[in-house]
Amino acid sequence: MPPPRTCPLPRLPHHYKNFSSLEILKLDGVNLTDTTFRILVSSCKILRTLDVRRCPDLKRVVVIGSKIETLTVVGCDKVKEVAVRSKILKKFHFKGWFAEEFAFKGVEELEDVFMASNGPDLGPPASNWAVAVRGLPRVRVLTLCSASLQHIMTSDPNVIWKFESLQFLKELQLRMFCLSEENLMDIYNFFKLCYCPNLEKLFIRLPNKKNDPYMENPLQIMMSEAPILCDLANLKTIKVKRFSGGRYEMQLVNFLLANCRNLESLIVQVSPREMNQKEPGKLVWDINRHMTQCFRVRIDLMAISSKNVKIHVVSKDDDARVRPTHEGYFTASAAAGDQ
């Protein structure tokens, strides 16, 4: 008989007070109430890493006045509130349906943030997370999904303005559940309105399933539209995964090449599974050659601002030197057929 997916934890035994020396706590598939969670965490006086995953009954993740440096909340579908007050919190990772209330206080050292929804964009989430995250100016590594971008761009103008404080951001990863014209504008507007003067690395993960009406023949895509201009002068490396050569993808590349005047490397990983559906016997190197041909034809029509950029079209993502910090979050979901 397979083991149960969740483990009940109805009450705390008296010896939980001995957890005062615990530094790492991971709860995965545990049935616990908000009260039990609060008592458990407060009993761990020197807890530095708290990892909460797939706890089906948890509604409030409240961590106040602790020594926690890393907080991870993944797949807790009923969570409505995440409240953190920790002067030494450095990493906050959240993946799941957005909680209604996020509150960060006294987290001046927070430098690593991962915010991703469970699935494709279904309209802006009823959440204040954009308001909460806007006051985190020291963030250096940031991952956002397309739903996160959508929520930022539909927020109050004062919220968008506050995102200009991302002055320490070095690495940004965008996880796109879909790439429609609206998603493309969200990306444009994020870079136009959110000043990131020290951004050096950009990773964009495109969806597996495309909703681009111009997918059949990338060579016929017109690139006459002038790209929106913004300042990404410090960006050195861009990596785009699951590229298939559709109109919106080409426009995205055009936008990036036009605004990164000091770009050194653009790595485009083609999507063999997408390109191979009608010709199952087609070799990967043929696909690579086809996509390279598309770039060579279109590249002359793109406004390339960097004189020294090198464009690499690859069929496999086997360069461990150019990978996002949060790469590990997508391994399991990709194996399960993630969008």
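Derivation of every value follows stated rules applied to the coordinates shown; laboratory data play no part. Computed from a prediction, not measured in an experiment: that's the story for all the values here. A quick note on method: Cβ atoms are made from the backbone with ideal geometry, for glycine too, and the neighbour counts reach across all protein chains shown.
Points to keep in mind about this one:
- Treating r as the C-beta distance of LEU229 and ASN262 and R0 as 25 Å, the FRET efficiency rounds to 0.95.
- Between ARG321 and GLN167, the contour length at 0.36 nm per residue exceeds the alpha carbon distance by 53.0 nm.
- Extension gain, GLU182 to ARG53: 0.36 nm times the residue separation minus the Cα-Cα distance gives 43.3 nm.
- For ASN118, net neighbour charge (Lys/Arg +1, Asp/Glu -1) across residues whose Cβ lies under 10 Å away: 0
- Residue-span extension gain [SER20 to GLU109] - 0.36 nm each, minus C-alpha spacing: 29.6 nm
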